[in-house]
Amino acid sequence: MEDVAARLNSRIQLTSDGHTAYVEAVEGAFGMEIDYAQLVKQHGPAPYSPGRYSPAVCKGANRTRIQGDPDMSHASASYVERQTLPCSGLAARDGVGKTLSELPPSIRPSAQLWCA
């Protein structure tokens with residue numbers, strides 16, 4: 001988080017999931033110079049599909065202002081979730097335990113962002 005903060009020269013809005021460690025990390029890296037919100041999703045049971053993994057269904061989400069003045073209409077994690085989707089699928093399928101250099105070249109850029 002400190003690396004990201006050091007690369008930015010203007011105030012940003014940041015949204016994270018509800019992991020409590022993020023609150024301290026964001027405050028430590030950005031101080032009071034950030035508009036920060038958390039988005040916590042509530043998941044329900046996955047639809048039954050025999051012989052196939054089905055992810056849990058998102059039943060709703062709560063947005064919470066943590067620091068500064070975030071525009072809550074833009075508090076979203078969808079951009080990052082979409083970017084990491086190929087890598088998440090790879091990890092579930094055949095990427096578990098592999099280093100970045102062992103992954104297929106076509107997905108390395110997504111994996112590097114996801115693992116950063």
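The set of residues in segment 24-52 being at pLDDT 90 or above and farther than 21 Å from residue 78 by Cβ consists of 24, 25, 27, 28, 29, 30, 31, 32, 33. The set of residues in segment 1-23 that are surrounded by fewer than 10 Cβ atoms within 10 Å (Cβ to Cβ) and closer than 15 Å to residue 77 by Cβ is empty.
Taken over segment 7-42, the criterion of being of a type in the set (Val, Ile, Thr) and either touching a residue at least 40 places away in the same chain (Cβ under 8 Å) or part of a loop (DSSP other than H, G, I, E, B) (or both) is satisfied by 12, 15, 23, 26, 34. I'd like to know if segment 69-79 contains one or more residues that are within 19 Å of the chain's Cα centre (by Cα), closer than 22 Å to residue 8 by Cβ and modelled with pLDDT under 70. Yes, because at least one residue in segment 69-79 is within 19 Å of the chain's Cα centre (by Cα), closer than 22 Å to residue 8 by Cβ and modelled with pLDDT under 70.
The values are calculated or read from the model by the stated rules, or taken from the named source; none is laboratory data. Note that the coordinates shown come from a computational prediction; the quantities given were computed from them, not determined experimentally. Cβ: placed from backbone, ideal geometry, glycine included. Neighbour counts: every protein chain shown.
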